[in-house]
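Engineer: Here it is, the structure, as structure tokens.
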Amino acid sequence: MLDIIYGVASFVIAAAAFWLGALKLFAKDKPFYMKLLVCAAGCFMLEQQLLLIDMWCGVHEVFSIGMLGILGCNYFLLSANYGTLDKVVDDGSSQNRTAKLLANIAPLCIALLCVNAFFIWKDKDIICALMWMLMLLPAIPASYFNLKHILLPNDACGFLHATRNCNISALILYVVMVAFVTCSAFDNSRLVGILSLLMSLSVFGITVSAIRGAKKWEI
């Protein structure tokens, strides 16, 4: 019963994160960057919904199609920071070199946590271990851009100031997500439920930060 409570709470928070973001940010005059973050929340909401359905129906498969929601969420978070925005806020000047160097700490830490999760899952199910690594893979480069944009000095347009809390929330999500994957290999449903709830709260934090950041965004 406690599993269902955690599952329902996690889904409700994830759904609130997506629909709140969609209502506030899916408009022509809103930054595309923020819309990508809402899409990430949408993918995560689907993962939580499928997880809840499996739980409600008593399905305990090691591999679930809901895992793809994690993949989509991470890819949208990577897409938001990689490319155009990064080129705008990072002009390649020497003063940004330190920030870019320190930013490598994030992907290194996430990669080590992922490797740890892989070896824990490997002894239980090698296929599932490989699938989880595939789902988590985009979080590694995404974390680099998140931390880099936190450490870079503010740009003239204020993009970094508008996205700072989004990046902080995303980094928290990656850590909790890897912890969730790791603990899923053990028979500790309470801890998995708590981590699932924390993931949803992190996604909600991303959406709220995106809504607030959109007000600071200058075109």
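The values are calculated or read from the model by the stated rules, or taken from the named source; none is laboratory data. Quantities reported herein were computed from a predicted structural model and do not represent experimental measurements. All Cβ positions, even for glycine, are placed from backbone atoms using ideal geometry, and neighbour counts span all protein chains on display. When the accessible area is computed, the model is the full protein with side chains, heavy atoms only, and any ligands, DNA or RNA have been set aside. Shrake-Rupley method; radii C 1.70, N 1.55, O 1.52, S 1.80 Å.
Engineer: Does any residue of segment 152-166 turn out to be touching a residue at least 24 places away in the same chain (Cβ under 8 Å), within 17 Å of G205 (Cα to Cα) and open to solvent by 70 Å² or more (accessible area, probe 1.4 Å)?
Structural biologist: yes
Residue-wise test of (1) under 19 Å from the mean Cα position of the chain (by Cα); (2) crowded, with 21+ Cβ neighbours inside 10 Å; (3) among the β-branched types (V, I, T).
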{"position": "M1", "(1), (2), (3)": "no, no, no"}
{"position": "V8", "(1), (2), (3)": "no, no, yes"}
{"position": "F11", "(1), (2), (3)": "yes, yes, no"}
{"position": "F32", "(1), (2), (3)": "yes, no, no"}
{"position": "K35", "(1), (2), (3)": "yes, no, no"}
{"position": "F44", "(1), (2), (3)": "yes, yes, no"}
{"position": "E47", "(1), (2), (3)": "yes, yes, no"}
{"position": "I65", "(1), (2), (3)": "yes, no, yes"}
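Engineer: I'm told F44 meets every condition in (1) closer than 22 Å to F186 by Cβ; (2) in a helix (DSSP H, G or I) except one. Can you identify the failing condition by its number?
Structural biologist: Failed condition: (1).
Engineer: Now for a separate question. Considering only segment 98-120, state which residues are open to solvent by 50 Å² or more (accessible area, probe 1.4 Å) and either in a loop (DSSP other than H, G, I, E, B) or in contact with a Lys or Arg (Cβ under 9 Å, 6 or more places away or on another chain) (or both).
Structural biologist: K100, L102, N104
Engineer: Right, here's the next one. Is it the case that some residue within segment 140-149 is in contact (Cβ under 8 Å) with a residue 24 or more places away in the chain, in contact with a Ser or Thr (Cβ under 7 Å, 6 or more places away or on another chain), polar (S, T, N, Q) and at negative phi?
Structural biologist: no
Engineer: Across segment 121-132, which residue is modelled with the lowest pLDDT among those that are under 20 Å from C73 (Cα atoms) and open to solvent by less than 40 Å² (accessible area, probe 1.4 Å)?
Structural biologist: C128
Engineer: Consider F76 carefully, then state whether it is open to solvent by 10 Å² or more (accessible area, probe 1.4 Å), within 26 Å of T207 (Cα to Cα), among the aromatic types (F, W, Y) and in contact with a helix residue (DSSP H, G or I) (Cβ under 6 Å, 6 or more places away or on another chain). Spell out the reasoning first.
Structural biologist: Numbers: open to solvent by 10 Å² or more (accessible area, probe 1.4 Å): yes; within 26 Å of T207 (Cα to Cα): yes; among the aromatic types (F, W, Y): yes; in contact with a helix residue (DSSP H, G or I) (Cβ under 6 Å, 6 or more places away or on another chain): yes.
Yes; evaluated as a whole, the condition is true for this residue.
Engineer: Oh, and also: Going through A129, A103 one at a time, which residue ends up being in contact with a Phe, Trp or Tyr (Cβ under 9 Å, 6 or more places away or on another chain) and within 19 Å of K87 (Cα to Cα)? Explain how you work it out, then say what you get.
Structural biologist: Working: A129 fails: within 19 Å of K87 (Cα to Cα).
On inspection, the qualifying residue turns out to be A103.
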